[in-house]
Amino acid sequence: MHRLIIFFIVIGAGLFLFPDSLSSQQFTGFFNFTYDENEDKLLLEIDKLDKEFLYVSSLASGVGSNDLGLDRGKLNRSKVVKFIKAGNKILFIQPNYMFRAGGTTNEDEIKAVEDAFAQSVLWGFKIENEEQGSYFIDLKPFLMQDAANVESILPGNYKLDDTRSALFLPGIKNFPKNSEFETLLTFTGNPSGRLVRSVTPTAGAVTLRQHHSFIELPDENYKLREFDPRAGYFGITYQDYSTPIDQSIIKRFISRHRLEKKNPDSNMSEPVEPIIYYVDRGVPEPIKSALIEGAGWWNQAFEAAGYKNAFFVKEMPEGADMLDVRYNVIQWVHRSTRGWSYGSTVTDPRTGEIIKGHVSLGSLRVRQDFMIAQGLLSPYGDDTTEVERAKEMALARIRQLSAHEVGHTLGLSHAYSSSSEGRTSVMDYPHPLVQLKNGKINLSEAYDDKIGKWDIISIRYGYQDFPKGTNEKEALNAILKTGFDEGMSFLSDATAAGGVHPYTNQWDNAAKPHTELKRVMEIRKTALDNFGENTIPAGDPYATLENVLVPVYFFHRYQIEAAAKIVGGLNYRYAVKGDGQFITQLIPPEEQEEALGVLLEVVSPEALAIPEKLLEMIPPQPMGYSRSTSENIITKTGVTFDPFSAAAAVNNMVFGRLTDSRRAQRLFEYHNRDANQPGLEMILNRMLDATWRSKKQTGYPGALSMVADNSLLMHLLNLASNKETSDEVKAIAWIKIQDLNQYAAQEYINSSDSEIKAHYGYAIHQIKQFMENPEKFRQPDKILPPQGPPIGME
């Protein structure tokens, strides 16, 4: 009897240790594991207790909606983790690398910091078996969690449905330095809104795949490089409590790939291992070739940093997985609507070393660029080569976009001062540089065909190595100084988005934004004059003219924003002590007044009007077609095209930016510091003179001027009532409202035109309501341009 029991124990252990039955699959690699189909368990062998590795979760398939952001290939933040044994459990724990004692070997000092800050236990596992120093756990419950937080992102009351979810075996793979796991998860519920309904076959059941990667951490031979705010790199930041008290406790280092020379003493050397990027095999031609070409521009920068054959771009090997950490990838992502592209990385949080670059490019972007070119060229006339020119502009943009997003995965952030310095970086957001040649729109130089001078400076800062004995800090500073001496600078996202720096903008061109706005207005006028049936292909409904009209009518929208930043703007640099750069400069008063003048021309009836012949050519959408609130102009006329709402959107752009409470406060401040600087009262007077206090026309131009008047009034009332507005600014806005009220009252009495009389009378009514109770005054919703920066949704 005892022999029979021992026999069954041995047989049972053998089945566990050697799972070669038809119901089991064994995977050997970084972590050995076995999948037992009968038990539906994934048994992970832990032979690396207390040894740290990298954990990354991601989406292997997406939902297909830009608004939801659940894209195929989307990466979550990299985490350093380890398995520890605690009693009869295995805990999956994330140490806290935000706080360290990295400058000491004193174990007690290190432990004092470690114990002072919380760690995170990400999961707990029951030990299924123990054998020869290894522990076996069922990893499946951990893998089946909603790591991408889909439940909270999907609009509605969605919950993960275990009965419709499973491990996805084709995505489960094992390699010597990484183990890959994948699950198919279904979320059930009732959707709210139309987003989920627009991209799913059955909106009550949303099924996608989530991916989990266990990755071996790099060795300790990677060399940290100090972060410098002037260089243009992302990086890591942590607090080191072993730092001497006369030095900063906050440590900053850049993120970059590891790159080492085969011949360290040579000025030019091949690398030990090159950086290779792989383009998604699912990209169609000629786009695939454009992506490869554009990304390949970076090799020039690595050559300048002393590397030969250090950077390559190839097509993805057949059968390779885009989420495999061994591949830097450029992935082609489809969505139901156009949207952002982005460059993500798998990065070692301890050092900033980039282990994998992962670019995601929205596939509809190239079509949007073609539509912009289509609207500018109206190419469907007798000259068939015009369509090819439109295609070439779209491909030129995709080359630049490929280089831009790869730049992010090399460690580089946005460089928004580039456009004011002669296209010095592909890390800017470029607006197409359209030209007029002999009265005809020319797109031959719409986008650059190379990386810029600042890109080379940045790569040299991040990747160039130096001979032994070199003072690295001084050498790196000298690289940056080379750029500064040539008139280049680096200024990034907060500078562009904050509405302050006038020469650092998204989607603009030229050194002086307001002079460029004037030039762009000429381009826009030419395109609108040419706009008509040759803008769309034969067989397309005339109603589709509106879709192409939107990017042309608002072709100046980003240059408006750039020019507005001249008014009450501040020019500055990320200067550091001793680098010789200026720190801050107020904008010359005459430049601000010129910019204001150009902006007020933008809201003139002449600039806002759409040619009558074009208005007659745009009917409501036919059966089978529909308007989109995100891509078409919001209307007040039902199904018909509304030129006055289009004009209102432009007015709201101009007056919204000029009356921004923060800009108003700066105008107040700068004028009181320097009487030569334009003050808020002067700016408001100029706007009122150009609108309400201007001579009123009749007909279409007169109606457009009323639209401008009403927009300014709403923004002025908002400035006077905004909780963010200071009392000093409110006082100036309040007196201007009273001045307008008096002027409107006089014009109401004197006017004999019934529409003009009604216009001033209603303004008096609104001001009266506001004066009686500013806090309860409710402004009407402001019409804004459709969502749609040239490269994605806002």
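The values are calculated or read from the model by the stated rules, or taken from the named source; none is laboratory data. Not measured: the values here are computed from a predicted model. Neighbour counts run over all protein chains shown; Cβ positions are idealised from the backbone, glycine included. Just so you know, the surface numbers come from the protein's heavy atoms only, side chains and all, with ligands and any DNA or RNA stripped out. Shrake-Rupley method; radii C 1.70, N 1.55, O 1.52, S 1.80 Å.
Rolling a 1.4 Å probe over the protein heavy atoms leaves Phe99 with an accessible area of roughly 50 Å².
Taking the C-alpha atoms only, the angle from helix 2-17 to the longest principal axis of the chain is near 30 degrees. Can you give me the angle between helix 287-296 and the longest principal axis of the chain, using Cα atoms only, in degrees from 0 to 90, rounded to the nearest 10? Orientation of helix 287-296: about 80 degrees from the principal axis.
Ligands, DNA and RNA excluded, the heavy atoms of Met653 present near 10 Å² of accessible surface to a 1.4 Å solvent probe.
Checked against a 24 Å cut-off, the cross-linked pairs Lys79/Lys450; Lys440/Lys695; Lys736/Lys782 give Cα-Cα distances beyond that limit for Lys79/Lys450; Lys440/Lys695. Note that the stretch 745-761 has calculated 3J(HN,Hα) couplings of 4, 5, 5, 4, 5, 7, 6, 9, 7, 5, 5, 5, 4, 5, 4, 6, x Hz, one per residue in order, obtained from phi through the Karplus relation 6.51 cos²θ - 1.76 cosθ + 1.60 (θ = phi - 60°); glycine and proline are x. Working from label points 7 Å from Cα in the Cα-to-Cβ sense, the Val576 to Glu151 distance is 4.6 nm. Computed from label points 7 Å out along Cα-Cβ, the spacing between Leu364 and Tyr762 is 3.4 nm. Helix 699-721 and the longest principal axis of the C-alpha atoms of the chain enclose an angle of approximately 60°. Here the stretch 243-285 is treated with +1 on each Lys and Arg Cβ and -1 on each Asp and Glu Cβ, and its dipole about the Cα centre works out to around 180 debye. Here the stretch 274-369 carries DSSP beta bridges of which approximately 30% are antiparallel, counting only pairs with both residues inside. The phi torsions of the stretch 83-93, fed into the Karplus equation with coefficients 6.51, -1.76 and 1.60 and a -60° offset, translate into couplings of 9, 10, 9, 9, x, 9, 10, 10, 9, 9, 10 Hz, rounded to whole numbers, with Gly and Pro shown as x. Near the amide H of Ser255, within less than 5 Å, lie the amide hydrogens of Phe234, Gly235, Ile236, all on another chain or at least 5 residues away, with H placed in the peptide plane. Averaged over its residues, the stretch 36-188 has an accessible area of 48 Å² per residue, based on protein heavy atoms and a 1.4 Å probe. Each peptide among 262-270, 84-92, 718-726 gets the average number of other Cβ atoms lying within 10 Å of its residues, and from highest to lowest they stand as 718-726, 84-92, 262-270.
Please tell me the relative contact order of the chain in percent, rounded to the nearest whole number, where contacts are Cα pairs under 8 Å and at least six residues apart. Spell out each step's value before the answer.
Numbers: 1511 pairs, mean separation 69.4, N = 794.
Value for the chain: 9 percent.
Using a 1.4 angstrom probe on heavy atoms only, work out the carbon and sulfur share of the accessible area of the chain in %. Heavy-atom surface of the chain belonging to carbon and sulfur, 1.4 Å probe: 51 percent. What's the FRET efficiency of Ile749 with Gln585 using the Cβ-Cβ distance as r and R₀ = 60 Å, to the nearest 0.05? E(calc), rounded to 0.05, equals 0.80. Annotation: per residue accessible area for the stretch 252-355 equals 41 Å², rounded to a whole number [probe 1.4 Å, protein chains only]. Backbone geometry of the stretch 340-352 corresponds, through the Karplus equation with coefficients 6.51, -1.76 and 1.60 at θ = phi - 60°, to 3J(HN,Hα) couplings of 5, 10, 7, x, 10, 9, 9, 10, 6, x, 6, 10, x Hz, x marking Gly and Pro.
Hey, what's the stretch 609-663 come to in accessible area per residue, 1.4 Å probe, Å²? Show your work: numbers first, answer last.
Details: 2550 Å² over 55 residues.
Using a 1.4 Å probe on heavy atoms only, each residue of the stretch 609-663 averages 46 Å².
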